[in-house]
Amino acid sequence: MMRRPLLLLTPVLLAATALAACGNENDGDPAPSAGGSSAEAGSEAGGTFPAVVEHKYGETTVPEEPERVVTVGVTEQDVVLQLGVVPVGVTEWYGEQPSATWPWAQELLGDAEPEVLTTTNGLQFEKIAALQPDLIVGTNAGLTEDDYEKLSAIAPTVTSSEGSEDYFSDWQDQTLQIARALGREDEGQALIDGIEQRYAELREEHPEWQDMTATFSQGGPYDGNLYVYPAGLNTDFLSELGFELTTGLEEYAPEAGSQALISAENVGLIDADVIVFATESKEMFDELQGFGTIADLAAVKEGRAVYTDDVLAGAIYFLTPLSIEYVLDELTPLLEKATAGEAPTEFPTTA
């Protein structure tokens with residue numbers, strides 16, 4: 001399971017199977033030349049080396065400043081870029097963004113064009129090797145121990161911490177793991193501190209939010225259900241602002257740590273002072289409005305429902321310091337309108 005709901009074959013149903021299949025045979029695509037990518041590898045300032053990173057499969061030593069970094073997970077490129085390193089290879093999750101890099105990180109990528117890897121048929125070990133990496137980052141890749149061993153035979157490989165859950169490792173933990181591998185743990189901690197300070201400032205500006213409930217849901221139904229997020233499952237962007245997440249939804253999750261499946265007849269369970277729907281298109285918005293009694297929910301009828309565009313939805317799902325900054329910039333004014341009962345009732349036409 002991933003943070004983004006299992007709703008669309010592009011890419012989420014695929015994500016549940018393809019990403020879980022990481023480490024199977026690679027897809028047989030021809031490997032690129034040893035030069036790999038046209039991206040300029042390197043960093044703005046050096047880190048401290050050798051760097052030693054403990055993780056769920058042991059310990060990795062990065063002997064010197066890496067010059068060719070490849071990210072094999074679905075969100076790590078954000079953190080690598082924010083720490084001043086341009087990767088030579090990145091991995092596509094969904095959205096078909098240029099260089100698998102979303103708008104909030106494009107400025108840091110600049111003119112670089114890293115090789116874009118996929119996980120449709122498992123990790124592309126040959127392509128990864130052809131990029132000649134000196135560091136492989138897989139903190140959000142769902143790596144099996146076999147994957148890790150194969151990647152480690154190519155270059156020093158860092159994955160998530162001991163005890164972390166595939167695709168649900170804390171963004172703070174992932175940030176620090178990546179920063180340690182780049183010899184920049186202090187810089188990684190500074191990114192975390194900056195986001196936590198931003199949350200604190202917004203809580204202070206909006207004390208009224210601490211007395212309000214909120215629900216976070218995918219933007220449209222899939223296979224007869226809405227995928228709704230129980231408290232603690234990718235809902236920190238609301239709870240850290242002071243909202244109390246709707247309770248009881250975990251009873252409708254097919255397994256612990258997964259989204260709740262809410263059928264049309266049960267949509268009343270998601271009503272709250274504010275509902276955030278991660279809509280990604282006008283078509284998805286329209287389908288949502290016709291699902292069960294969504295249109296009759298108090299939050300929807302009274303202008304207390306937030307509808308995102310595709311980029312804001314992606315930022316919520318991505319859950320990196322960079323994407324959280326974008327979420328707080330774009331979502332805060334929408335929440336202000338929603339808590340005042342003045343939220344727009346149409347799908348947003350601009351990012």
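The equivalent ellipsoid of the chain has semi-axes of 36, 22, 18 Å, largest first, where each one is the square root of 5 times an eigenvalue of the Cα gyration tensor. Relative contact order, whole percent, for region 286-351 stands at 42, derived from Cα pairs under 8 Å and 6 or more residues apart. Ranked by the mean number of other Cβ atoms within 10 Å of their residues, highest first, the peptides 133-139, 294-300 come out as 133-139, 294-300. Annotation: the antiparallel percentage among DSSP beta bridges lying fully within the chain is about 40.
How large is the helix-only mean residue ellipticity at 222 nm for the chain, computed as the sum of -39500 (n - 2.57) over DSSP H runs with n ≥ 4, divided by its residue count, in deg cm²/dmol to the nearest 500? When only DSSP H runs of four or more count, the value is -8500 deg cm²/dmol. Close amide-amide hydrogen proximity is noted between L245 and A214, each under 5 Å apart and 5 or more residues distant or on a separate chain (H modeled in the peptide plane; Pro and chain starts excluded). Taking packing as the residue-averaged number of other Cβ atoms within 10 angstrom, the listed peptides 318-331, 83-96, 241-254 run from highest to lowest as 83-96, 318-331, 241-254. Taking a straight Cα-Cα cut-off under 30 Å and skipping sequence neighbours fewer than 8 places away in the same chain, the lysines within cross-link reach of K301 are K282, K337. Note on K150: lysines with a C-alpha under 25 Å away, same-chain residues under 8 apart excluded, are K56, K127.
FYI, it's all coordinate maths here, none of it is from the lab. Keep in mind the model is a prediction, meaning the values are calculated, not measured. Glycine also receives a Cβ, built like all others from the backbone with ideal geometry; neighbour counts cover every protein chain displayed.
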